[in-house]
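Computed from the coordinates by the stated procedures, all read-outs in this text should not be read as laboratory data. Since we're looking at a predicted model, the values are computed, not measured. Neighbour counts run over all protein chains shown; Cβ positions are idealised from the backbone, glycine included.
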Amino acid sequence: MKVMKFGGTSVGKPERMHQVSQLITKDAEPTIVVLSALSGTTNALVEISNSLSQADRTAAKEKIDTLEAHYRSFVLDLLKNDDCRAKGNAIVSEHFEFLNIILRISFSEALNKDILAQGELMSTKLFSTYLEEQHIDHLLLPALEFMSIDANEEPQLGSIRSKLTAILDQHKDKKLFITQGYICRNAKGEVDNLKRGGSDYTASLVAAAVHASVCEIWTDIDGMHNNDPRVVDKTNAIKQLSFDEAAELAYFGAKILHPTCIWPAQQENVPVKLLNTMEPDAVGTTITKEAGSVGVKAVAAKDGIIAIKIKSSRMLLAYGFLRKVFEVFEKYHTSIDMITTSEVAVSLTIDSDIYLLQIVRELEPFGTVDVDDKQTIVSIVGNEIAKTENVLEKLFESVREIPVTMVSYGGSPHNISLLVPSEYKTQTLQLLNKGLFGL
Ligand code: ADP
Ligand code: ASP
Ligand code: MG
């Protein structure tokens, strides 16, 4: 069994869906295809939801109508046979009727999740209708029947595996399965999701659940690049990465992968491939257990970081101080990304301001607390990075003109992280591209 995941741009136009149908029928191996929503749809649904949460029904209605018009013309282009076109239009009607009904219901978080789920539900049903028109035998697997998260919003691989294999066992005659990325059920049984970009996570979880031979992530670029192609002009695709390297890059901002999507594949040792739907013959990036070559491989940046500094003379020679600090973050379910300590101060970073006020209030009894927002973590990732000749020299030489506020090195053999004010992100990435990769 293999898993192939296609992102928003890979299914965002009718001709792309045609191309996807060819890619998924190329070889004989049984395949589970995970689809995202058509590009732009989840953003549109987020906007609809925001308008509703602000009780602006007129704006929500306008956005729903614009989105529906897009889907109507999509169906017209995608499906040619009368019966299939009628079926496609019925799918669009069903989902837009739902969106129009919610205009009259009072807004809640559960309703928000239902709204966000419409994109993947429609893309998979429309794609399935297209496969039907092409007489390509397949089965649509509803992700809401097997994909679940627990009360801490963590996917439960064991339960996903048992539910999914039970469904697959009932359909041994089928070779091709289509399912939704991103959506799942939560501990209360409600519709929920794996956060933005979560279809990659679905693919990795499904691949781990069925012990797939490979988990292919098909997108709009030829693999993981050595730097952010949205920010830096000259970047190159990396042929090979280890799970650890890929996980660090995803977590520290390489948008091509969902931040936590590597662990399921890594846990079951399923190779992950990043491939380009628009250029299917390009080699892409292969992510495996093997570390591959030693040295710096890529740079990534994560915005929206908040730095917190706690200064206290009581920390001097005191044990148990850090534990007390960490307990505050644990209490508010806020994870720490970077940390540096000196004898009298500890600086750390978080990427969520949801509980910032409460955290600061609880830290204040320990000493002086300073908060700096609008920070960016720039991570330099590579296997055994410390063994790279002159790595620190090259790194600091490259960013000489940048006011770096924190440095973290040694926590992982694959990562050196710098904290910079966000306004310096582009310049930092460009300087590192030159200094570390000569590009
Ligand atoms: P999909 O819709 O297929 O999930 P995404 O937009 O989530 O695609 O991810 C692909 C995009 O990630 C690329 O178009 C590229 O702009 C961006 N990206 C950011 N950093 C990197 C990187 N280091 N390597 C490759 N792509 C990256
Ligand atoms: N459609 C969802 C999003 O845009 C999930 C995904 O594409 O991975 O975030
Ligand atoms: Mg994505």
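Of note:
- Net +/- balance of residues flanking Ile256 in space, Cβ distance below 11 Å, scoring K and R +1, D and E -1: -2
- For segment 324-422, the Stokes-Einstein estimate of translational diffusion at 20 °C and a viscosity of 1.002 mPa s comes to 143 µm²/s, using the Kirkwood hydrodynamic radius over alpha-carbon pairs.
- Rounded to the nearest 500, the helix-only mean residue ellipticity at 222 nm of the chain stands at -12500 deg cm²/dmol, with each DSSP H run of n ≥ 4 adding -39,500 (n - 2.57).
- Subset of Lys125/Lys255; Lys255/Lys289; Lys255/Lys387; Lys5/Lys125; Lys5/Lys255 violating a 18 Å alpha-carbon distance limit: Lys125/Lys255; Lys255/Lys289; Lys255/Lys387
- Over the chain, relative contact order from alpha-carbon pairs under 8 Å, at least 6 apart, %: 13
- Only the Cβ atoms of Lys and Arg (+1) and of Asp and Glu (-1) were treated as charged; on that basis the dipole of the chain about its Cα centre amounts to roughly 180 debye.
- Segment 141-228 - percent relative contact order, Cα under 8 Å, separation 6 or more: 29
- Loop trypsin sites (Lys or Arg not before Pro), segment 351-439 (other Cβ atoms within 10 Å of the site Cβ: 10 or fewer; DSSP): Arg400
- The lysines within cross-link reach of Lys309, meaning a Cα-to-Cα straight distance under 18 Å and a gap of 8 or more places when in the same chain, are Lys324, Lys374.
- Kirkwood-type hydrodynamic radius, segment 85-226: 16.6 Å, calculated from all non-identical alpha-carbon pairs.
- Sorted largest first, the principal axis extents computed over the alpha-carbon atoms of segment 12-118 equal 50, 29, 18 Å.
- Over segment 187-323, the reciprocal of the mean inverse Cα-Cα separation, the Kirkwood hydrodynamic radius, stands at 16.8 Å.
- Cross-link reach is defined here as a Cα-Cα straight distance under 16 Å, omitting same-chain residues fewer than 8 places apart; for Lys87 the aspartates and glutamates meeting it are Glu68, Asp77, Glu97, Glu132, Glu133.
- Within segment 64-127, the trypsin sites (Lys or Arg not before Pro) that combine a DSSP coil assignment with at most 15 other C-beta atoms in a 10 angstrom radius are Lys80, Arg104.
- Across the alpha-carbon atoms of segment 143-222, the computed radius of gyration and Dmax are 12.8, 39 angstrom.
- Charge sum, other residues only, whose C-beta stays under 12 Å from Ser347's C-beta, Lys/Arg counted +1 and Asp/Glu -1: -1
- Across the alpha-carbon atoms of segment 230-291, the computed radius of gyration and Dmax are 11.9, 36 angstrom.
- Per-residue Cβ neighbour rank within 10 angstrom, fewest leading, His414, His135: His135, His414
- Pairs of Cα atoms farther than 14 Å apart, segment 366-439, %: 61
- Principal axes of the chain: Cα extent on each, largest first, Å: 75, 50, 40
- Under 5 Å, built H, 5+ apart or other chain: amide partners of Ile178: Val33, Leu139, Leu140, Leu141
- Net charge of the neighbourhood of Val328, taken over other residues with C-beta under 12 Å away and scored Lys/Arg +1, Asp/Glu -1, is 0.
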